[in-house]
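So the structure is just underneath, and the comments pick up after that.
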Amino acid sequence: MMHFVAFAMRPLRLLQVRFLLVLFALAGLFLPIAARAQVNFNGVPTTLGSGFSYPQSVAVDANGNIYVADTANSAVKEILAAGGYTTVNTLGSGFAGPQGVAVDASGNVYVADTGNSAVKEILAAGGYATVNTLGSGFSSPKGVAVDASENVYVADTGNSAVKVILAAGGYITVNKLGSGFAGPQGVAVDTSADVFVADTGNSAIEEILAVGGYATVNTLGSGFSTPQGVAVDASGNVYVADTGNSVMKEILAASSYATVNTLGSGFNSPKAWRWMETGMSSSAIKAIAAWWNWRS
């Protein structure tokens, strides 16, 4: 089985273009492991990098560089936008089956180092050589997100918890957010520091409100089956890798999170989303990441 990262583009809404980054497994072809495009969204196939094995998460920075949790290679990698996504660099070392990755505005990379039951930061300063362990007490974390203040949010899967590692004080303090989760695998944070969770074991998408100290947990939408990935855009719309239903979905903020739309088709067990937005005078550029088993 071969494993790829993919890239495609299609129109979405007025003044918006959506870029789709896809991590998928392609059975039956003996080709070099590479980052390759899927074609379900009317995009032109584009190969991005090479050498990946079973990647399960990506993140994109403001310059368009792509960061990959290259799970089966127990590595974190960067695909450089400069030069057309052909250069792949390995960042840091010492990971074991990482399954989540995020990047902050300074280019620092955060990793859910699943096999080591740790959360780590790879510092951009010094050329991504320094790896720091953040906080403690995690069990097989699978999702990670970072806010504008560089606080790190963790889907602590093995502990059935969602946690935040506070930047203030040097990433020592770990706080538990909300309650009632069952093996959550995806986490995202919006500009208000509200946290969105792919609550996999409960087959639900939930929001933990920052107001009130992260005590209130709201269920968003319905009809999900073991979702494993979640993302949120600048307008508050929530995007879901609805793994058990083999579809990608959007929960609209304008409907108070009651309306759920299915996006695209042809997915098989999607696992993760990632968004990037960069300011432009007349449009927004967004990136999504997903993982699924794809068959022609």
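The values are calculated or read from the model by the stated rules, or taken from the named source; none is laboratory data. As the structure is a computational prediction, the values presented were derived from the model and not from experiment. Backbone-built Cβ (ideal geometry, glycine too); neighbour counts: all protein chains shown. Surface areas here come from the heavy atoms of the whole protein model, side chains and all, with no ligands, DNA or RNA. Shrake-Rupley method; radii C 1.70, N 1.55, O 1.52, S 1.80 Å.
From the list ARG295, ARG274, exactly one residue is open to solvent by less than 50 Å² (accessible area, probe 1.4 Å), among the charged types (D, E, K, R) and at pLDDT below 90. Which is it?
ARG274
Would a scan of the range 183-198 turn up a residue that is open to solvent by 50 Å² or more (accessible area, probe 1.4 Å), in contact (Cβ under 8 Å) with a residue 40 or more places away in the chain and polar (S, T, N, Q)?
Yes, the conditions are met somewhere in the range 183-198.
Scan the range 97-116 residue by residue and report those that are open to solvent by 30 Å² or more (accessible area, probe 1.4 Å), touching a strand residue (DSSP E or B) at 6+ places or on another chain (Cβ under 9 Å) and farther than 22 Å from VAL189 by Cβ.
Of everything in the range 97-116, just one residue is open to solvent by 30 Å² or more (accessible area, probe 1.4 Å), touching a strand residue (DSSP E or B) at 6+ places or on another chain (Cβ under 9 Å) and farther than 22 Å from VAL189 by Cβ, namely ASN116.
On the given criteria, is ALA290 in contact with a Pro (Cβ under 7 Å, 6 or more places away or on another chain), in a strand (DSSP E or B) and modelled with pLDDT under 85?
Against the criterion (in contact with a Pro (Cβ under 7 Å, 6 or more places away or on another chain), in a strand (DSSP E or B) and modelled with pLDDT under 85), ALA290 qualifies.
Those residues that are touching a strand residue (DSSP E or B) at 6+ places or on another chain (Cβ under 6 Å) and open to solvent by 10 Å² or more (accessible area, probe 1.4 Å), I need them from the range 119-136; list them, please.
LYS120, GLU121, TYR128, VAL131, ASN132, THR133, GLY135
Which is farther than 23 Å from SER179 by Cβ, hydroxyl-bearing (Ser, Thr, Tyr) and out of contact with any Asp or Glu (no Cβ under 8 Å at 6 or more places or on another chain), of THR114, THR130?
After ruling out the rest, the residue left standing is THR130.
State all residues of the range 245-269 that are open to solvent by less than 50 Å² (accessible area, probe 1.4 Å), at pLDDT 90 or above and of a type in the set (Gly, Ala, Ser); if no residue qualifies, say none.
ALA253, SER255
So ALA198 ticks every box in (1) among the small types (Gly, Ala, Ser); (2) part of a loop (DSSP other than H, G, I, E, B); (3) under 25 Å from VAL60 (Cα atoms) but one. Which box is left unticked?
Unmet for ALA198, out of (1) among the small types (Gly, Ala, Ser); (2) part of a loop (DSSP other than H, G, I, E, B); (3) under 25 Å from VAL60 (Cα atoms): (2).
Out of the range 133-156, which residues are outside any loop (DSSP other than H, G, I, E, B) and more than 16 Å from the chain's Cα centre (by Cα)?
Once the filter is applied, which keeps residues that are outside any loop (DSSP other than H, G, I, E, B) and more than 16 Å from the chain's Cα centre (by Cα), the range 133-156 yields THR133, LEU134.
Going through the range 40-92 one residue at a time, which ones are modelled with pLDDT of 80 or more and farther than 27 Å from GLY115 by Cβ?
ALA62, ASN63, GLY64, ALA81, ALA82, GLY83, GLY84, TYR85, THR86, listed by residue number.
Can you say whether SER222 is closer than 20 Å to VAL103 by Cα and either surrounded by fewer than 19 Cβ atoms within 10 Å (Cβ to Cβ) or among the aromatic types (Phe, Trp, Tyr) (or both), as far as the supplied structure shows?
Criteria not met by SER222.
Looking at ALA129, is it of a type in the set (Gly, Ala, Ser), farther than 30 Å from ALA210 by Cα and at pLDDT below 95?
Judged against the criteria, ALA129 is not a match.
Specify which of the listed residues (ASP242, ASP233) is under 14 Å from the mean Cα position of the chain (by Cα) and either surrounded by fewer than 24 Cβ atoms within 10 Å (Cβ to Cβ) or at positive phi (or both). Spell out the reasoning first.
Numbers: ASP242 fails: either surrounded by fewer than 24 Cβ atoms within 10 Å (Cβ to Cβ) or at positive phi (or both).
Result of the check over ASP242, ASP233: ASP233.
Determine, yes or no, whether ASN159 is over 20 Å from the mean Cα position of the chain (by Cα), at pLDDT 95 or above and open to solvent by 50 Å² or more (accessible area, probe 1.4 Å).
Here the answer is no, as ASN159 does not meet what is asked.
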